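Encoded as structure tokens, the structure appears first; notes follow it.
The values are calculated or read from the model by the stated rules, or taken from the named source; none is laboratory data. Keep in mind that what you see is a predicted model, and the values were worked out from it rather than measured. Please note: Cβ atoms are built from the backbone with ideal geometry, for glycine as well, and neighbour counts cover all protein chains shown. With ligands, DNA and RNA removed, areas are computed over all heavy atoms of the protein, side chains included. Shrake-Rupley method; radii C 1.70, N 1.55, O 1.52, S 1.80 Å.
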Amino acid sequence: MFRRASLLVTLLHLGAGCHLFAADLKPDEATTIPASALRPVVVTADAASVTAAKAQAPKASLPDGWELVTAAAAPQVTHPIMGCLDDRGRLFVGDAVGLNWNKKQLEANPPNRVLMLEDGDHDGFFEKSTVFADKLTFPQGAVWLKGSLYVASPPGIWKLTDKDGDGVAEQREMIVGGFEYTGNAADVHGPFLHPNGRLYWCHGRKGHKVVQKDGTPVHEGLASGIWSCQPDGSDVRWHALGCADNPTEIDFTPDGDIIGTCNLYYSQPRGDTLMHWLQGGVYERADMMKAIEGLPRTLEHMPVMHNFGHVAVSGCMMSRSGLFNPKTPTENQAGLLNMFVIHFNTQRLVRMELAPQGVTYAASEHEFLRLPDAPDVHFTDVLEERAGDLLVLNTGGWFRIGCPSSLMAKPEEKGAVYRVKRKDASGALATTSNPAKSWKQSWEIHSDAEALKQLNGNQDVRALMQACNWAAEHQSKSAEVCAAILGLLKSPAKPALEHAIMHAAQVVGAESGLPPIDTTNDILSSRVLLIASQGKKEADAVAALQTAAKQLEPIKNPHLADAVRRAACAMPLGGEAMLPVMQQWLDETPPSEAKLQIMEDVIEAHFKAQPIQELVAVMLGGSQAPVRRAAWNILSRQTAGITNEKWLTPLEKSLADAGPSDVSLIIEAATRLKTDRFQVALLGMVNDSARPQTIRLKALSATSRGGKALSPEGFALLTKLLGDMTNVTARIEAARVLATVALTKEQLLQLTETIPTLGPLEFQEMLKLVRKTKDAETIKALARSFALSPVIGAVEESAFKTAFANSLPEAYDLVAPAIQSAAAMIDTKKRKLATLADQVQTRGRADEGKKNFAMGKGTCLACHKVGDVGRALGPDLTKIGAIRTERDLLESIMFPSNTLARDYEAHAIETSDGQNLMGLIRSHTAEGLLLVDLAGQEKSVPHASIVANTTLTTSLMPLGLDGTMTEQELCDLVAWLRSLK
């Protein structure tokens, strides 16, 4: 039985993250399928057509010994968007007709189809194409099973069967439905056949209302996720749910672990990821938490295997041929898996090495295929034939309404199927075998006794996870199994295993009862509270929270403190339950910083409740400065514009009396309130030239929000500071203010002269100006100014496309060449990483590297120490080789801002006496900060004098240091650093 499928999977994330569903671009206006998209049921290529199609293969960058050829092209396929192979080697592909339609249009006239491609003469080219099924909305995945093709096409999963063997499916049945969609491809993808015999599929964050075949509700909600059912459509379940935009495709390890790609798992900045989807996992994203409201959570942050950045991941496939396994595996490579992942945006196919790590895997990325000169190619899927060839699907240039790499549809750019094969395919494929194990997978466990044996008699963490998964799935009622699982709550565990234990405990503990909260075991008490707070009995949940909060000593119980915060924020009655406890905390002298932080989060979560607002009023008028500061923090973060009259008088007094270190925060708090009461005081600050520039800017921003016009004097101040090269803090703040206030056409055009001179942080803010106008001339002028910036490569391409998508899409063409040029330069350097890492091992001379370091080559010792040599501004490198590989070290040198070490972030600080400082914060004390500047000089900065402290996202280590050394010297240096263990 062959399994595999894919989809067209990318979502253009528009808007600021305040809506559950990102806005799609407008669909095509046409309501009929163009004649050019129509075709006969069967299309067979003659010899001349095959020869012509084979000549269409684009130029490809591949490892030595591999080549790319065309395996199918128009008219056999038009715009392939998914694929799977059956047990006869036939290739099934979902084929689009090139229309960007929304749900209403797709359902009124379903335009797309599934094609069956056959290579009758076994020459590697599929010369025969048959329409297996037509009139489908958006087929994005398929799997062949027992004579039928199962296809994901919204709103559900279809079973298509060709009963008479003519190549056309005359029987079709939707076995599961209820999955919403909009036509932007972030919907159902799959299905995929798991080793346990179930069908699994993905669904984007579009909303769902799923029922069993008999009408019994399964789940209704907004979350994206992974789902499964039996092949007949029975026993529908969700496996994992989350906030991400678009889980795109999955495949399975030999042990049945579900590994898959996901678009827009992160939003700001965008991150597309590789996931190990854990059973019962509920996956968060800060700006979309409404999507998982009410779902049973375990970890606050679920584990992510790999973040690709913004590449628009699509199809993925676990290699089973053995071709990519190490020929002579080392001990560290035992159990290594190879998975291929498509990058839709960047014309790439990457090979992911998955190394077993506890109950999950560590992933590393290696480029396999890249098309350097084919911007209209968009890969969507990758399949592996039995002989080891890879089939890569290219959907062409048609897709626009969910495509982050094109604002204009190009349906004339037809797609194709490419074959990536060995130039010399002689010799047998490598054999693969699964090592024997002493435990069972969850689907191999058949009784409580077997689960209990695995829980008690096997210390392998994978055995424990599988037993926990079985107990949760089967809702075990066994007292012994329950006791064994609850016993696991006491011990530390890595995140993936911790989730499995807590998920099982949530299920079995609901029946057998949870142990009491015991603060002598911090880990146990924290997990018990989190589980109890999500129980069915609200009174028990409130009691558990209050018990934990009253006993809490944050220094002794850091895990429980975090659990109290999470539980109180998530529970509907969490604010009410915590109110008496928080009132007691305010009476403590001095107040506990950790408790105040919990209070800030809890109050923010229940901010609309009147008793909570009364508590904020008490805090604003409190006698202790830390309590007032906590209240200012709360108000400064609110986005609802809630204004309580009892807040105004104490906040007005604080604004008048504030010291330099507090005034910025109080201005932000006042700005969030819907009132003009503070306008006079704020304007006074704007006009007070004795004030620090950053404070004047914040006050100016506050007086100009809510659509208020920016005065000429205010604009002049902002532009002056934006060009001040001596004050980075004020420059960044000026850019932020300009990005938030209303500007005239003349003001926007004036800014285009300054934009090319800005640094990367200010430049990113200026990109927001595009949304401030609908005037085509102004938008084009902004685009031209962006194109002149030397730091254009610091901003993701998707940010530019998002900015222009809803204003003037064609203006993007004015900036695109500069973006692509910058990306090409960065890509050239990135591509050198792997080669250089290998060269370090083969020709790096550690002794020479040591000499060069001591001599100052590359200026490393200006900021780093090795033993007693060098200066301790940056991380100490004395033992760096024990924790960093050759590639890691090279990346840190060639792309210093990509790999900022924790606690070594640069800070720009402005003080009340007008000083502008930049450096690393060496330590925090009660009195102030100890700052180390670029010259290595230490300076104490009192807290009371700090009016602005900006954390920079760029490294103090300058870009281009690798250019100060020859390639040999760079290899020598890294070889020596790698030897330091």
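Structural remarks
- Yes/no for Leu673 being at pLDDT below 95 and at negative phi: yes
- Scanning segment 453-492 for residues that are without any contact (Cβ under 8 Å) to a residue 24 or more places away in the chain and either under 25 Å from Met275 (Cβ atoms) or touching a Lys or Arg at 6+ places or on another chain (Cβ under 8 Å) (or both) gives Gln454, Asp460, His474.
One line per residue, one yes/no per condition, for (1) within 17 Å of Asp257 (Cβ to Cβ); (2) part of a loop (DSSP other than H, G, I, E, B); (3) open to solvent by 20 Å² or more (accessible area, probe 1.4 Å):
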position	(1), (2), (3)
Ala463	yes, no, no
Ala467	yes, no, no
Val481	no, no, no
Gly487	no, no, yes
Ser491	no, yes, yes
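- The residues of segment 204-229 that are crowded, with 24+ Cβ neighbours inside 10 Å and farther than 27 Å from Glu444 by Cα, listed by number, are Gly204, Arg205, His208, Ala223, Ser224.
- Within the option set Gln764, Gln693, being under 23 Å from Ala799 (Cα atoms) and open to solvent by 30 Å² or more (accessible area, probe 1.4 Å) holds for one residue only, Gln764.
- Single residue of segment 148-200 satisfying the filter (β-branched (Val, Ile, Thr), in contact (Cβ under 8 Å) with a residue 40 or more places away in the chain and not in a loop (DSSP other than H, G, I, E, B)) that is surrounded by the most Cβ atoms within 10 Å (Cβ to Cβ): Val151
- Looking only at segment 696-710, and only at residues there that are part of a helix (DSSP H, G or I) and either touching a residue at least 40 places away in the same chain (Cβ under 8 Å) or within 35 Å of the chain's Cα centre (by Cα) (or both), the one that is surrounded by the most Cβ atoms within 10 Å (Cβ to Cβ): Leu697
- Residue pairs whose Cβ atoms lie under 8 Å apart, separated by 6 or more positions or on different chains, with the first residue in segment 840-855 and in contact (Cβ under 8 Å) with a residue 60 or more places away in the chain and the second assigned to a loop (DSSP other than H, G, I, E, B), are Asn852/Met965.
- Residue-level analysis places Ile893 outside the set of residues that are closer than 20 Å to Ser664 by Cα, among the β-branched types (Val, Ile, Thr) and either open to solvent by less than 40 Å² (accessible area, probe 1.4 Å) or modelled with pLDDT of 70 or more (or both).
- Sub-6 Å Cβ pairs linking a first residue in segment 89-117 that is of a type in the set (Lys, Arg) and part of a helix (DSSP H, G or I) to a second residue that is open to solvent by less than 30 Å² (accessible area, probe 1.4 Å) and modelled with pLDDT of 95 or more, at least 6 apart or interchain, are Lys103/Tyr181, ordered by first then second residue.
- Single match in Ser785, Ser807 (criterion: surrounded by fewer than 21 Cβ atoms within 10 Å (Cβ to Cβ), in the same structural domain as Glu762 (by the TED database) and hydroxyl-bearing (Ser, Thr, Tyr)): Ser807
- Residues satisfying the stated conditions in segment 511-547, i.e. of a type in the set (Val, Ile, Thr), surrounded by 16 or more Cβ atoms within 10 Å (Cβ to Cβ) and within 11 Å of Leu560 (Cβ to Cβ): Ile517, Thr519, Ile523, Val528, Thr547
- Only one of the numbered conditions (1) modelled with pLDDT under 75; (2) open to solvent by less than 80 Å² (accessible area, probe 1.4 Å) is not met by Thr431, and that is (2).
- Residues of segment 295-334 classified as over 24 Å from Gly207 (Cα atoms) and open to solvent by 70 Å² or more (accessible area, probe 1.4 Å), total: 8
- Top-ranked residue of segment 345-366 - restricted to ones that are of a type in the set (D, E, K, R) and out of contact with any Leu (no Cβ under 8 Å at 6 or more places or on another chain), ranked as most open to solvent (accessible area, probe 1.4 Å): Glu365
- Members of segment 247-256 that are of a type in the set (Asp, Glu) and open to solvent by 10 Å² or more (accessible area, probe 1.4 Å): Asp255
- Ile612 falls short of the stated requirement of being of a type in the set (A, V, I, L, M), open to solvent by less than 40 Å² (accessible area, probe 1.4 Å) and under 33 Å from the mean Cα position of the chain (by Cα).
- Looking across segment 788-802, just one residue is crowded, with 20+ Cβ neighbours inside 10 Å and under 17 Å from Leu749 (Cα atoms), and that is Ser789.
- If you check Val77, Val143 for being in a strand (DSSP E or B) and modelled with pLDDT of 95 or more, only one passes: Val143.
- Residues being within 17 Å of Gly714 (Cβ to Cβ) and buried (at least 19 other Cβ atoms within 10 Å of the Cβ) - total across segment 748-757: 2
- Selection count, segment 298-354, where residues are at pLDDT below 90 and small (Gly, Ala, Ser): 4
- The condition of being under 30 Å from Arg637 (Cα atoms) and open to solvent by less than 50 Å² (accessible area, probe 1.4 Å) holds for only one of Ile292, Ile342, that being Ile292.
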